[in-house]
Amino acid sequence: MEHTLFVRSFLELQWSNVLKFFGNDEKLTFVLGTSMVILTSFCVANAFFMFLDFTGMPAFFHKYKIQKDKNVPVETRRFLYCCVVSFRNVLTSCGMIYLFYPLMRAVGMSCTSPLPPAWRVLFEYVVFILVDEFFFYYSHRLLHLPALYKHIHKIHHEWVAPISIAAFCTHPVEHLVSNVLPIFAGPVLVGSHLCVAWVWLIMAHVDTCLHHSNYHLPLLSSPQFHDYHHVKFNENFGANGLLDWFHKTDVGYKKSIQYKRHVTYYQLKPITEIFPDDNGKQN
Ligand SMILES: [Zn+2]
Ligand SMILES: [Zn+2]
């Protein structure tokens, strides 16, 4: 009990320092603070992979590549184009925070109320994951309708072997409907404390970059599920597999070697060696 109180007062103190940093200005904390959280998590999540993709170094990491030898290194023009489009989209996310500030306040999102208890935070994260899956799955399936695909989603699927920064290499409409909406809808629906929303935003940005990286590294979340979507195109539309299971849009995937490899593992030996395919190959 004492330990819990200590952790709580420590977190309260850190959060009050954050508020002080923004001059205890609520709007500035929401708009500038959230933009800084998005930009920082995007840059930090991508920095290492961008270097690896652009230079092909350090070569030590090649063995963890899911689609061997694809985009190692990435063609410079393609890489730069992807960076520009992705940064434009992430800056758009920041602009959306400014526009949606009145809505976030109207639904009860706050940065000055006391931090919520642990049970409430856990409950909210479960809601965020389910809401994210709902909006991402159905918007993504819509984007695969031929009329929308050729005008919008095709840009993202030009990356059959994706790279981390290609997570946000999309048409602006797709970015708003399929990236921004699913991530922000959860905190808005439950009226989260801003601190809880920030941690969720960091996790969501890091995860989506990791899941496009095409590198399945030890200790980290597995990118196999979404990588399979980029290769096969007509399966694995969701973020975590729940609605793909419900709609049976993961039948081929469940029989694949990628499904077996879709785990977080804790050794230096690459997953392709731990689970070679039926022919003993590590592709
Ligand atoms: Zn798609
Ligand atoms: Zn993707």
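Of the candidates 44, 126, 84, the single residue that is within 20 Å of residue 222 (Cα to Cα), free of Cβ contacts under 8 Å to residues at least 12 places away in the same chain and open to solvent by 60 Å² or more (accessible area, probe 1.4 Å) is 126. Among residues of segment 213-233 that are open to solvent by 10 Å² or more (accessible area, probe 1.4 Å), those with a Cβ under 7 angstrom from a residue that is within 12 Å of ligand 2 (Cβ to nearest atom) and in a loop (DSSP other than H, G, I, E, B), sequence gap 6+ or separate chain, pair up as 225/236; 226/236; 228/236; 231/160.
Could you list all residues from segment 165-187 that are open to solvent by less than 20 Å² (accessible area, probe 1.4 Å), more than 10 Å from ligand 2 (Cβ to nearest atom) and over 27 Å from residue 127 (Cβ atoms)? Selection gives 165 alone. Evaluate the following for residue 262: is it within 17 Å of the chain's Cα centre (by Cα), touching a residue at least 40 places away in the same chain (Cβ under 8 Å) and open to solvent by 30 Å² or more (accessible area, probe 1.4 Å)? Criteria met by residue 262. Among the residues making up segment 47-81, those that are open to solvent by 90 Å² or more (accessible area, probe 1.4 Å) and under 18 Å from residue 170 (Cβ atoms) are 80, 81.
Figure legend. Inter-residue proximity from segment 194-210: first residues at pLDDT 95 or above, second residues charged (D, E, K, R), beta-carbon distance below 7 Å, spacing 6+ or different chains. Indicated pairs: 196/124.
Here residue 142 meets each of (1) away from ligand 1 (no atom under 13 Å from the Cβ); (2) open to solvent by 60 Å² or more (accessible area, probe 1.4 Å); (3) over 24 Å from residue 91 (Cα atoms) with one exception, condition (1).
Only residues that are loosely packed, with under 14 Cβ neighbours inside 10 Å and either among the charged types (D, E, K, R) or in contact (Cβ under 8 Å) with a residue 12 or more places away in the chain (or both): list them for segment 108-117, please. 108, 112, 113, 114 - these are the residues of segment 108-117 that are loosely packed, with under 14 Cβ neighbours inside 10 Å and either among the charged types (D, E, K, R) or in contact (Cβ under 8 Å) with a residue 12 or more places away in the chain (or both). Residue 160 falls short on exactly one of the conditions (1) closer than 20 Å to residue 234 by Cα; (2) open to solvent by 30 Å² or more (accessible area, probe 1.4 Å); (3) away from ligand 1 (no atom under 12 Å from the Cβ); (4) not aromatic (Phe, Trp, Tyr), and that condition is (3).
Taking segment 1-41 as the search range and keeping residues that are open to solvent by less than 70 Å² (accessible area, probe 1.4 Å) and within 12 Å of residue 97 (Cα to Cα), which one is nearest to the chain's Cα centre (by Cα)? Within segment 1-41, the match that is nearest to the chain's Cα centre (by Cα) is 38.
The values are calculated or read from the model by the stated rules, or taken from the named source; none is laboratory data. These numbers were taken from a predicted model, which means no experiment stands behind them. Positions of Cβ are backbone-derived with ideal geometry, glycine not excepted, and every protein chain shown enters the neighbour counts. Calculation scope for accessible area: heavy atoms of the full protein, side chains included, ligands and nucleic acids excluded. Shrake-Rupley method; radii C 1.70, N 1.55, O 1.52, S 1.80 Å.
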